[in-house]
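J.: So that we are looking at the same thing, I have put the structure below in structure tokens.
The values are calculated or read from the model by the stated rules, or taken from the named source; none is laboratory data. These figures come from a predicted structure and were not determined experimentally. A quick note on method: Cβ atoms are made from the backbone with ideal geometry, for glycine too, and the neighbour counts reach across all protein chains shown. Heads up: the accessible areas ignore ligands, DNA and RNA and are worked out on the full protein's heavy atoms, side chains in. Shrake-Rupley method; radii C 1.70, N 1.55, O 1.52, S 1.80 Å.
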Amino acid sequence: MHGDLWSVPACVDRKGRSPALTIHPVRAIRISHVPFLIYDPTPHYPAAVSGLEEDLESSQRKDPISSMKPPAVIIIAQNQPLDNDAHLRRKLAHAEERAERQSPRFPGLDLAGIQKAVHRNIADSLLFLEGRYMDLLDLMNYIRGGRRFPTITPDNVTEYYSLANTVTLNGIYLYQYLLGHGYTPVVVQNYSTGNLPDLLRQEPLAVCISSNFIFMDDIREMAAQVKGYAPDVAVIAGGMLVKKVLHRGQDFSKKTLDYLSNFCGNVDAFVVEARGEQTLVELLRTMERGGDPRSVPNLACFDDQGRIFFTPRREEEMGMDQMAVQWDLIPKGYLRSILPVNSSRGCFYRCRFCTYHWLFPEVHYKSVEVLRDELRRIEGLGLVRHVRFTDDNFTANRKRIKAVLEMMMEEGFSFTWSSFARASALTPDLVKLMKKSGCEFVDLGLESGSQRILDRMDKRLKKEESLEAIRMLNDSGITARGSFIIGYPGETRDTFSETVEFINDSGLPYYHPYLFYYTGNTLVHRDRAPLGLKGLGLAWRHDTMDSVEASRLMSRMPERIHRSFTDGQAYVEEIYKLLRGAGYSPGEIKMLFRLKRDLQLAMKALAPDRPFSEQTEGILSDLQALVR
């Protein structure tokens, strides 16, 4: 996740200049936005960036910031890659660098060696064609191009199947919030498709980078590029990952402090707060008047020696009704035919593998009437085919979800919807309401097919409840994807086999396996000693398994699971929504996933550098007949 790409001495940028936000001995760190992200895979509008109305003069399109009133603030919402193969290789390399850097913390554990072995096993679970990693969308583009790999660029990305054409809620919400506080926000929906140099020539007040779906190393690289174009523009980062990484404050190892010092000279301020938008505005106001960032809470900054320090913490208040998006006032260039909506934040449960509980320990809801108004605005746009509810647990509160669904049926919205759902919350009556109100797809956090592992996770879920939920959803025509954690402490080959048998026997259409990720922010970390749990991230071991064995078992799931499908590192639900928006039926989508799985297994059986087999050619021909 982390990799040391630059080393910046003290608190100057790479060209020897003083930092843009150096006020007294301060150098800041970045901000981002808190609300959840959700991809919008439909390339309904051009992907790249300015949130200007479509009827602006052409000169304004070329020079979006100068046509607006200052102060302008650029928001970078996400970083979906144009080249998934290069992105995967870079991500794995960063993780290996991090393991190498952190290995002295774990004597007796070959952290770097474990990380590399895990990556070999992960690669073994993926489709590689002619040496390139491919998800289903890459494969479809390859087929459409006559079995040639296309070169996808910001200019042509809307011509291809790509998650780089998506919209996320963090950028939209922060646009609305900053606009309401007197700023001129410009959203770069996706860094890989945005034209940042042109925007930076107009000298905005700041560039804000969201870490919700962007890794720390990517943030550092983006910040360095921003400084290369505009050294005097402040870079601010924040969001979920920044909060998780920097939450401990000064209590870091020397290795970690050395790593963080590499951000000095590129990043001007980190906002260390789970919400963060109030802190961001306070920081921007302080910058405008030339004040001292030390007076702003929730920041991580650098002093003149390049050492990180933290300002006092102040938790921001949460008002869900105030977070409703006025979609009819959002510039059309930011909209897609699939839009994200957040109706609640927080989770009742305390699953021991999850970090979400300490970020948002209480559940907060939008009122049904405020949600009604937000959905009416979406309906009134006349272009939205699907709404993705990004709530962590949309169905957990049965009384509220019933009221929400009845409201949606009263309104008769034309769009379909999807959400996360808890299996134990689903009942026959609720599933009927979900279907009648337009539900098409749900994500179920099932986690394991072993009751013993579910109990160890404190999942508060019975395996029988999961089986019944899948049956009800299948009977109602709602497509489901189940997520599973492989290698949680207590996992054995037998409990893993129980998970495989559960998926095969349940009728679950899609599944996504996650290798257990170990971090100190989880509740299971408190029991690390009795569990024999040591390590970091995807490099760990405990009394019953290590991550090398767990990843090896996970890599065999495609060949052991016959009627349920996954797409490796890609998110099934996002690909499913994109393809539904492109006109594919649920049956066609499932066949596409099946053919990709069959191709992956056929390719693994081939010797390296051998021509395609008759079986492989047959699968590719079937794909060619199906892909449009």
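J.: Go through the residues of segment 181-193 one by one and say whether even a single one is outside any loop (DSSP other than H, G, I, E, B) and closer than 30 Å to residue 608 by Cβ. Can you show your working first?
T.: Quick first cut of segment 181-193, residues outside any loop (DSSP other than H, G, I, E, B) only: 184-188, 191-193.
When the remaining residues are screened for being closer than 30 Å to residue 608 by Cβ, the result is none.
Within segment 181-193, none of the residues are outside any loop (DSSP other than H, G, I, E, B) and closer than 30 Å to residue 608 by Cβ.
J.: How many residues, within segment 365-379, are outside any loop (DSSP other than H, G, I, E, B) and closer than 15 Å to residue 404 by Cα?
T.: Residues in segment 365-379 being outside any loop (DSSP other than H, G, I, E, B) and closer than 15 Å to residue 404 by Cα: 10 in total.
J.: Would you pick out the residues in segment 310-346 that are hydrophobic (A, V, I, L, M, F, W, C) and either at positive phi or within 18 Å of the chain's Cα centre (by Cα) (or both)?
T.: Within segment 310-346, the subset hydrophobic (A, V, I, L, M, F, W, C) is 310, 318, 320, 323-325, 327, 329-330, 335, 338-339, 341.
Residues satisfying the conditions are 338, 339, 341.
J.: Within segment 377-401, which residues are within 25 Å of the chain's Cα centre (by Cα), open to solvent by 40 Å² or more (accessible area, probe 1.4 Å) and not charged (D, E, K, R)?
T.: 397
To keep it simple, each residue is scored yes or no on (1) among the acidic types (Asp, Glu); (2) open to solvent by 40 Å² or more (accessible area, probe 1.4 Å); (3) within 27 Å of the chain's Cα centre (by Cα); (4) within 29 Å of residue 338 (Cβ to Cβ).
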{"site": "579", "(1), (2), (3), (4)": "no, no, yes, yes"}
{"site": "592", "(1), (2), (3), (4)": "no, no, yes, yes"}
{"site": "596", "(1), (2), (3), (4)": "no, no, yes, yes"}
{"site": "602", "(1), (2), (3), (4)": "no, no, no, no"}
{"site": "608", "(1), (2), (3), (4)": "no, yes, no, no"}
{"site": "612", "(1), (2), (3), (4)": "no, yes, no, no"}
{"site": "617", "(1), (2), (3), (4)": "yes, yes, no, no"}
{"site": "628", "(1), (2), (3), (4)": "no, yes, no, yes"}
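J.: Please determine, by comparing only the residues of segment 343-376 that are polar (S, T, N, Q) and open to solvent by 10 Å² or more (accessible area, probe 1.4 Å), which one is modelled with the lowest pLDDT.
T.: 355
Rundown of residues vs (1) free of Cβ contacts under 8 Å to residues at least 60 places away in the same chain; (2) open to solvent by less than 30 Å² (accessible area, probe 1.4 Å); (3) not aromatic (Phe, Trp, Tyr), yes/no style:
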site	(1), (2), (3)
237	no, yes, yes
254	yes, no, yes
267	no, yes, yes
274	no, yes, yes
278	yes, no, yes
290	no, no, yes
294	no, no, yes
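J.: Any idea how many residues of segment 501-538 are open to solvent by 50 Å² or more (accessible area, probe 1.4 Å) and either over 29 Å from residue 360 (Cα atoms) or part of a strand (DSSP E or B) (or both)?
T.: 4
Residue by residue, here is whether (1) in contact (Cβ under 8 Å) with a residue 40 or more places away in the chain; (2) open to solvent by 20 Å² or more (accessible area, probe 1.4 Å) holds:
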{"site": "409", "(1), (2)": "no, yes"}
{"site": "414", "(1), (2)": "no, yes"}
{"site": "424", "(1), (2)": "yes, yes"}
{"site": "450", "(1), (2)": "yes, no"}
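J.: Could I ask something else about it? Given the structure, is residue 541 of a type outside the set (Gly, Ala, Ser) and not in a helix (DSSP H, G or I)?
T.: Yes, satisfied.
J.: Across segment 119-167, what is the total count of residues that are of a type in the set (S, T, N, Q), open to solvent by less than 50 Å² (accessible area, probe 1.4 Å) and assigned to a loop (DSSP other than H, G, I, E, B)?
T.: Residues flagged as of a type in the set (S, T, N, Q), open to solvent by less than 50 Å² (accessible area, probe 1.4 Å) and assigned to a loop (DSSP other than H, G, I, E, B) within segment 119-167 amount to 5.
J.: Additional query: Residue pairs, Cβ under 7 Å, 6 or more apart or interchain, first in segment 467-486 and under 21 Å from residue 593 (Cα atoms) and touching a residue at least 40 places away in the same chain (Cβ under 8 Å), second open to solvent by 20 Å² or more (accessible area, probe 1.4 Å) and part of a helix (DSSP H, G or I). List them.
T.: If the second residue must be open to solvent by 20 Å² or more (accessible area, probe 1.4 Å) and part of a helix (DSSP H, G or I), the pairs left are 477/435; 478/435; 479/586.
J.: Might you check whether a residue that is closer than 30 Å to residue 102 by Cα and either of a type in the set (A, V, I, L, M) or in contact (Cβ under 8 Å) with a residue 12 or more places away in the chain (or both) occurs anywhere in segment 169-176?
T.: no
J.: Continuing with the same structure: Just checking, does segment 560-569 include any residue being without any contact (Cβ under 8 Å) to a residue 24 or more places away in the chain and either open to solvent by less than 20 Å² (accessible area, probe 1.4 Å) or in a helix (DSSP H, G or I) (or both)?
T.: For segment 560-569, residues without any contact (Cβ under 8 Å) to a residue 24 or more places away in the chain and either open to solvent by less than 20 Å² (accessible area, probe 1.4 Å) or in a helix (DSSP H, G or I) (or both): absent.
J.: Here is a follow-up. Sort out which residues of segment 484-500 are closer than 23 Å to residue 472 by Cβ and not in a strand (DSSP E or B), and write them in order of number.
T.: Listed by number, the residues that qualify are 498, 499, 500.
J.: Name every residue in segment 452-461 that is under 25 Å from the mean Cα position of the chain (by Cα) and free of Cβ contacts under 8 Å to residues at least 12 places away in the same chain, in order of residue number.
T.: Across segment 452-461, the qualifying residue is only 454.
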